[in-house]
Amino acid sequence: MKVKALGDKNGWLEYVEKAAKHLDTMYSRTGNYQLASFYNGVYHQYKDSVEKLNKEKELAQIEATDEQYRQKKIEEELAEKKRRKNNIQYMAITIGIVALFVMLVVLGMFKVSANTIRLIGFFAFIMFFEFVFLIFKKNIYGFTHGEPWKDLAFMIALAAILVPLHHWLEHRVIKYLTSHNRLTASGKTFMEKVFVRKKSSDEKSKT
């Protein structure tokens, strides 16, 4: 009776169900069939309520699991879209850097202002090394695991290597391209080959 009263007070339906079942059994053994029938009814009433609540909990859990699965799929799709978008941007940046270096070499083959070559070379090299810096920075988590002092140490070490290399390589390449006609002869030969080939093809077409 105390367990039943405590269950009724706190809304513990399973306690009331079990207590009513025991009371039904006890009163049946003592021959008090009226109270036994009463508690038998209470037992079945609370049993149905408990089963109904359990089914509702199961349905709620299934719905929650489905919702989590849907959210996970949405997050995966968003992550995949972001990854593709980033890959496209990385590809575009790579193509842009390659195009700048090709332009730089082509300009070095002709009589172009040294300041123009220096300007394009400056942008080409700064884009290249900043891109390398970005790639390293994006992939250092596997080594540092997000710890600030490790991130700082890695970035300092990377800068100590890339910054001097950047300045040295840029200086050497720009100096080579702007030196007196080092590549001008190559450019001249290239242009002569193009025009000679074009001229010969025109003559063949006329004949």
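Any read-out appearing in this document is the output of simple, stated calculations on the displayed coordinates, not a laboratory observation. This is a predicted model, so every value here is computed, not measured. Neighbour counts run over all protein chains shown; Cβ positions are idealised from the backbone, glycine included.
The slack between residue 34 and residue 159, meaning 0.36 nm per residue of separation minus the straight C-alpha distance, is 36.0 nm. If R0 is 41 Å, the Cβ-Cβ spacing of residue 103 and residue 76 corresponds to a FRET efficiency of close to 0.50.
Working ranking of peptides 153-159, 103-109 by packing, defined as the average number of other Cβ atoms within 10 Å per residue, highest first, is 103-109, 153-159. Within the shell of other residues whose beta carbon sits under 14 angstrom from the beta carbon of residue 130, the net charge comes to +1, with Lys and Arg scored +1 and Asp and Glu -1.
Listed here are the pairs 2/57; 2/52; 85/111; 82/175; 72/137; 47/72; which of them are more than 31 Å apart at the Cα? Too far apart for the 31 Å limit: 85/111; 82/175; 47/72. Counting pairs of Cα atoms in the range 108-177, how many percent are more than 14 Å apart? In whole percent, the long-distance tail amounts to 65. Look at where the Cα atoms of the range 57-90 and of the range 105-129 average out, and the two centres are 46 Å apart. In this simple spin-label model, placing a label point 7 Å from the Cα along the Cα-to-Cβ direction at both residue 60 and residue 169 gives a separation of 6.1 nm. When peptides 41-51, 57-67 are ranked by their average number of other Cβ atoms within 10 Å per residue, the highest-first order is 41-51, 57-67. For the pair residue 141 and residue 86, label points projected 7 Å from Cα toward Cβ lie 0.7 nm apart. According to the square roots a ≥ b ≥ c of the eigenvalues of the Cα gyration tensor, what is the shape class of the range 73-112, taking rounded for a/c under 1.5, prolate for a/b larger than b/c otherwise, and oblate for the remainder? Since a/c reaches 1.5 and a/b is larger than b/c, the shape of the range 73-112 is classed as prolate.
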